[in-house]
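The structure appears below as structure tokens.
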Amino acid sequence: MEQAVLTQFKDLGAIMVLAISALGSGAGAGVAGMAAIGAWKKNFVQNKNASFLLVALTAAPLTQTIYGFIVMNNMLSLTMKGQYMWGVGAFAGAAIGLSAYWQGKCAAVACDAMGETNKGFGNYLVVLGMTETVALLVMVFTIVFLRRMAGA
């Protein structure tokens, strides 16, 4: 591939990690949000109090976008040196994004359970924290890899 063509895509890996992480966050929050709305509807129909804590469960997948942003910022210095790292961006973004998506699915089930029982919020957060840990580990290990690639 010509250097001019490669240069046009120099930031592709960096933006992929952010974009794919954000796609997972959006999908996860969307799935959880739909479950929260359904749980609130059931509560309203039954004239029961609807817990606002479901918002916290719904918002849990959004942090993975921040992790993608942190990795992206760490990749940019290598991009400026001519190391484009497309694979790093794609695979780290996919791992972080999938963590967000599955966390959203867990949050959806938690919203349903919380809506029915109004109990177990702490337990649900623990499960969401476990799925979040995958994204945190990917972020940390990717940053370690990037620093080794930079020679730091």
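Tabulated data for the structure shown
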item: From Gln83, Gln64, Gln46, residue being farther than 24 Å from Thr142 by Cβ and of a type outside the set (A, V, I, L, M, F, W, C); result: Gln46
item: The stretch 102-152, residues that are among the polar types (S, T, N, Q) and assigned to a helix (DSSP H, G or I); result: Gln103, Thr117, Asn123, Thr131, Thr133, Thr142
item: Some residue of the stretch 104-126 being within 17 Å of Ile15 (Cα to Cα), surrounded by 16 or more Cβ atoms within 10 Å (Cβ to Cβ) and in contact (Cβ under 8 Å) with a residue 60 or more places away in the chain; result: no
item: Members of the stretch 24-82 that are farther than 27 Å from Ala135 by Cα, assigned to a helix (DSSP H, G or I) and not hydrophobic (A, V, I, L, M, F, W, C); result: Gly38, Lys41, Lys42, Asn43
item: Cβ pairs under 6 Å, 6+ apart, first in the stretch 38-65 and in contact (Cβ under 8 Å) with a residue 12 or more places away in the chain, second part of a loop (DSSP other than H, G, I, E, B) and among the small types (Gly, Ala, Ser); result: Trp40/Ala50; Asn43/Ala50
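All of the numbers you see were taken from the coordinates with simple rules; none came from a lab. In this text, all values refer to a predicted model and were calculated from it rather than measured experimentally. Every residue, glycine as well, gets a Cβ built from its backbone with ideal geometry; the counts of neighbours run over all protein chains shown.
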